[in-house]
1. Among the residues that make up region 52-71, is at least one of them closer than 24 Å to S277 by Cα, among the aliphatic types (A, V, I, L, M) and not assigned by TED's automatic domain parsing to the domain that holds P144?
2. For region 307-328, indicate whether the set of residues that are over 27 Å from Q82 (Cα atoms) and either in contact (Cβ under 8 Å) with a residue 40 or more places away in the chain or not polar (S, T, N, Q) (or both) is non-empty.
3. Quick one: what pairs do we get from region 276-300, first residue over 21 Å from E145 (Cβ atoms), second hydroxyl-bearing (S, T, Y), C-beta under 6 Å, 6+ apart or different chains?
4. Looking at region 121-167, which of the residues that are aromatic (F, W, Y) and outside any strand (DSSP E or B) is modelled with the highest pLDDT?
5. Name the residues in region 72-105 that are among the hydrophobic types (A, V, I, L, M, F, W, C) and in contact (Cβ under 8 Å) with a residue 40 or more places away in the chain, would you?
6. Residues of region 15-44 being of a type in the set (A, V, I, L, M), more than 16 Å from G78 (Cα to Cα) and buried (at least 18 other Cβ atoms within 10 Å of the Cβ), which ones?
7. Being more than 18 Å from T167 (Cα to Cα) and free of Cβ contacts under 8 Å to residues at least 12 places away in the same chain is the filter here; which residues of region 250-275 pass it?
8. Could you list, in sequence order, the residues of region 184-219 that are under 14 Å from K171 (Cα atoms), buried (at least 19 other Cβ atoms within 10 Å of the Cβ) and free of Cβ contacts under 8 Å to residues at least 40 places away in the same chain?
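The values are calculated or read from the model by the stated rules, or taken from the named source; none is laboratory data. Only a predicted model underlies this, so the values are computations on that prediction, with no experimental measurement involved. Quick reminder, even Gly has a Cβ in these numbers, built from the backbone with ideal geometry, and neighbours come from all protein chains shown.
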Amino acid sequence: MSRKLASIQKVLDIQPISGADKIECVSVLGWKIVAQKGIHIPGQLVVYIEIDSVLPERPEFLFLKDRKFRIKTIKLRGQISQGICFPLAILPEGTQVEEGLDVTDVLGVSKYEIPISPQLRGLIKGFFPGYLRKTDEPRIQSFPEVLNEIKEKYVYITEKVDGTSVTFSHKDGEIEICSRNLSLKETEDNLYWKIFRKYNIEKILKELGNFAIQGEIAGPGIQKNPLGLQEHQLFIFNVYDINRHCYENFFSFNEICNRYNLPKVKILWKDVKFVWSIENLLEMAKGTYESNKPREGIVIRPMLELYSSTLKDRLSFKVINNDYLLKCEE
């Protein structure tokens with residue numbers, strides 16, 4: 001499901017911030033936003049813009065110039081703030097007003113992209129293949145209704161590795177090696193292809209048939225290497241059946257990784273009944289890698305694959321560690 005960087009949403013709640021006279025905490029979806037006191041009221045529709053967004057250089061956004069127009073996770077008076085709310089008047093005249101409406105393109109908002117290191121760029125072969133699925137998980141705060149869909153289901157929870165996404169696929173004899181958005185040509189020095197050769201992925205895929213293996217590459221030179229690895233390593237989190245257009249469930253995913261000695265992402269809990277709130281999940285997402293640096297967060301999925309009517313996709317989501325986000329913004 002594509003991410004709505006800017007959308008029309010309802011203010012659900014407003015709470016005071018201890019020791020603060022001019023600001024208060026506004027709840028939108030599953031997010032908490034610090035805003036000027038008295039501007040918003042519960043039930044009001046606003047334009048909510050998520051973290052990781054970059055606003056255009058327009059007069060109404062000039063107050064964000066010192067932040068390079070980027071919306072980040074910040075902490076004010078001890079309160080985490082993630083996103084920003086604007087009155088509907090920020091929208092061009094004639095814009096449809098409807099709760100949940102995506103206005104990202106209307107406002108010219110774009111997603112902040114972390115600069116790619118030279119070792120990850122590679123030579124472009126083409127776009128990400130249409131028969132595969134990209135690996136970006138939705139954040140639970142953007143889709144709180146998912147909690148009702150997964151409630152009482154048995155789930156497994158994995159550690160989210162802070163690295164770079166990779167997809168290896170085999171379809172009808174053709175191999176594709178992909179970054180998050182592109183298929184890459186084989187070169188001797190490209191990291192994705194080095195990992196492909198290091199873990200003998202070609203042999204595994206040809207034995208499996210028309211399948212894709214997806215994971216994260218972490219190590220020196222990638223995202224400041226928060227795991228503290230001495231060399232580049234692969235962490236598998238998905239096995240995808242191309243013919244059946246579906247992901248393998250936990251049991252099949254686990255069996256395939258074990259059979260071929262493929263390294264998996266760290267499984268923190270498995271076969272546990274889902275009973276948590278967003279606040280509980282944010283606490284669970286906290287923690288550190290073995291390097292003692294804040295981990296990026298956690299990913300939660302049912303043991304058996306399920307469809308989410310909210311996400312219009314598989315039932316799967318991530319919870320990012322706020323300690324990690326604050327550290328990244330320092």
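1. no
2. Yes, there is a match, as at least one residue in region 307-328 is over 27 Å from Q82 (Cα atoms) and either in contact (Cβ under 8 Å) with a residue 40 or more places away in the chain or not polar (S, T, N, Q) (or both).
3. Pairs that qualify, where the first residue is over 21 Å from E145 (Cβ atoms) and the partner is hydroxyl-bearing (S, T, Y), are P294/T288; P294/Y324; R295/T288; R295/Y289; E296/Y324.
4. F143
5. Of everything in region 72-105, those that are among the hydrophobic types (A, V, I, L, M, F, W, C) and in contact (Cβ under 8 Å) with a residue 40 or more places away in the chain turn out to be I74, L76, I80, I84, C85, F86, L88, I90, L91, V97, L101, V103.
6. Residues satisfying the conditions are V28, L29.
7. Those that are more than 18 Å from T167 (Cα to Cα) and free of Cβ contacts under 8 Å to residues at least 12 places away in the same chain: E255, N258, R259.
8. I201, L205
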